Amino acid sequence: MTIEQLYSILYLEINLFAMALVLMIRIRTLGLSKMVAQRNFSVAIDTTMVFFASDTFWALTEEHFLPYSKWSNLISKDIYFLMTALMCFAWFIYFEYLLDSLFVKNAKRMWGASVFVWLQFVLIIINHFVPLVYYVEGEKYYRGPLFILLYLFAYIYIVFSCARAFVGAFDKAKTSEERSRLLKLSFFPVFPAIGGIIQFLFPRIPVVCVMLALAILQLYLNWTTELISVDPLTRLNNRKQLLHNYEQWLRNNEDRTPIYCLMIDANRFKEINDTFGHIEGDAALLRIADALRTGVKCLKHRSTIARYGGDEFVVLAKAEKDEDILNLMEVIKTNLAELNAKSNALYELTVCMGMAKTDTIEDLPFKELADKADDKLYEEKKALAEKLGVSLR
């Protein structure tokens with residue numbers, strides 16, 4: 001067996017490992033989520049596997065492990081670079097859904113964003129008549145003068161989305177959980193970029209596919225972590241993550257800044273469900289979650305929001321004085337009223353809130369803090385119910 005054939009076997013083995021890893025992730029995600037973002041995650045994985053296959057086929061053809069001809073070499077490279085662009089575009093769409101971008105909310109913008117895929121396709125077609133990006137001479141493949149454009153047209157999608165995620169991770173208006181998620185997302189291209197540079201400089205070192213597979217594995221692990229710690233409807237923290245965050249805050253609260261707990265409960269939520277159905281009930285919960293997300297932006301210090309259960313939510317926030325949290329409560333109620341008016345809902349959506357804070361000397365267990373806030377919540381709910389003469393349950 002020749003050195004070239006041994007190299008082909010090594011290339012095949014490495015890429016098969018990468019394909020098997022990504023295929024396993026693809027199978028594991030089947031049926032786990034019906035969210036649009038996760039459907040796009042599956043599409044991105046599918047295009048990645050085709051990319052891996054095209055890369056492997058080219059390497060086996062180039063080294064004559066498979067029947068060789070000039071056209072088989074060229075066409076396999078055509079497919080490889082076209083799939084590079086399609087794969088990057090698919091990951092771009094997935095990232096933009098996660099970033100809640102305007103690109104994925106309008107079909108025209110989506111078509112506009114695909115311009116670099118079409119440019120890649122046109123460049124590949126032109127290359128058959130004028131060898132600008134690559135060509136085959138004798139029995140070897142060579143790069144042309146505009147070869148770098150094939151990488152630029154493809155990777156501009158990943159660079160754009162990940163750069164936006166990185167900038168967003170330093171937006172103080174976002175919660176700590178949102179910033180952490182964006183920061184993790186922004187590092188997605190690091191391993192593939194390192195692999196791409198290595199393989200660009202040393203084409204016979206097959207590292208791109210395995211580096212990309214490791215990056216996808218990291219995304220998958222981040223996603224499964226979210227499934228454990230995030231409420232699937234509102235995308236807020238769940239109770240388990242809330243408790244974890246609170247314990248972390250206590251351990252790292254050297255300056256003894258008070259930690260405030262807001263218990264928030266929707267008024268007459270059962271009536272909304274019974275009258276308008278559970279789909280409308282879910283929409284109401286989403287509006288409350290949005291009002292909380294927007295509301296905490298008025299705070300100077302860190303905050304975390306969670307769905308505590310049913311129609312009950314919790315906000316944990318650090319603040320020097322009660323007035324900051326009292327102002328937050330008013331902002332939340334104003335935001336919710338505006339969101340409900342914009343939704344044209346056929347019902348009024350309001351909440352009651354209760355506030356409690358940790359002692360500056362001795363830490364309180366979360367249950368004790370939550371119980372204090374809960375007592376204040378039901379004092380407000382009882383007073384409002386007596387004033388209106390109706391039940392707010």
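Assorted remarks:
- Scanning the stretch 106-139 for residues that are touching a residue at least 12 places away in the same chain (Cβ under 8 Å) and either of a type in the set (Gly, Ala, Ser) or assigned to a helix (DSSP H, G or I) (or both) turns up Met110, Ala113, Ser114, Phe116, Val117, Leu119, Gln120, Phe121, Leu123, Ile124, Asn127.
- Residues of the stretch 347-375 classified as closer than 15 Å to Asn267 by Cα and out of contact with any Leu (no Cβ under 9 Å at 6 or more places or on another chain), total: 3
- Ala356, sole failed condition from (1) out of contact with any Ser or Thr (no Cβ under 6 Å at 6 or more places or on another chain); (2) in a helix (DSSP H, G or I): (2)
- Among residues of the stretch 65-103, those that are in a helix (DSSP H, G or I), touching a residue at least 60 places away in the same chain (Cβ under 8 Å) and open to solvent by less than 50 Å² (accessible area, probe 1.4 Å), counted: 14
- Restricting attention to the stretch 231-255, the residues that are within 19 Å of Glu320 (Cβ to Cβ), at pLDDT 85 or above and open to solvent by 70 Å² or more (accessible area, probe 1.4 Å) total 0.
- Candidates Leu217, Leu221, Leu201, Leu212 - the one that is surrounded by 20 or more Cβ atoms within 10 Å (Cβ to Cβ), of a type outside the set (Phe, Trp, Tyr), under 30 Å from Tyr11 (Cα atoms) and out of contact with any strand residue (DSSP E or B) (no Cβ under 6 Å at 6 or more places or on another chain): Leu212
- Single match in Ala317, Ala289 (criterion: in contact with a His (Cβ under 8 Å, 6 or more places away or on another chain), open to solvent by less than 40 Å² (accessible area, probe 1.4 Å) and at pLDDT 90 or above): Ala317
- Any hit, the stretch 256-269, residues being in a helix (DSSP H, G or I) and open to solvent by less than 60 Å² (accessible area, probe 1.4 Å): yes
The values are calculated or read from the model by the stated rules, or taken from the named source; none is laboratory data. Owing to the predicted nature of the structure, the values given are computational and were not obtained by experimental measurement. In this analysis, Cβ positions are derived from the backbone assuming ideal geometry, glycine residues included, and neighbour counts consider all displayed protein chains. The area values use the complete protein model at the heavy-atom level, side chains included, leaving out ligands, DNA and RNA. Shrake-Rupley method; radii C 1.70, N 1.55, O 1.52, S 1.80 Å.
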